[in-house]
């Protein structure tokens with residue numbers, strides 16, 4: 001009976017050591033794991049896939065809308081130059097109000 005108890009105690013010690021060393025291995029593995037590099041790789045993959053898909057979608061929409069635009073007389077001849085901001089050069093600056101001159105209070109008693 002004593003031998004069985006000592007064997008069980010030895011197994012628990014060995015199991016405890018394995019759990020502790022396994023935890024250390026996991027911590028080391030996590031410390032060397034570069035989440036930023038994985039994220040950058042995923043983003044680069046997505047960037048490589050999205051623009052061609054968007055361009056295809058845009059071309060498809062334009063192709064389907066071309067007959068409709070032609071019927072309406074809005075055929076695509078080229079894109080108009082983007083409008084810039086208004087410079088306000090034709091506007092005059094608003095006249096500034098002069099501060100009202102405060103007159104001293106008069107006493108209600110007449111003095």
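The values are calculated or read from the model by the stated rules, or taken from the named source; none is laboratory data. No experiment lies behind these values; they were computed from the predicted model shown. Methodologically, a virtual Cβ is constructed for each residue, glycine included, from the backbone with ideal geometry; neighbour enumeration extends over all protein chains shown.
What the table shows:
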| quantity | calculated |
| --- | --- |
| Residue within segment 56-66 that is at pLDDT 70 or above and exposed (fewer than 10 other Cβ atoms within 10 Å of the Cβ) present | yes |
| Selection count, segment 1-22, where residues are surrounded by 10 or more Cβ atoms within 10 Å (Cβ to Cβ) and at pLDDT below 80 | 0 |
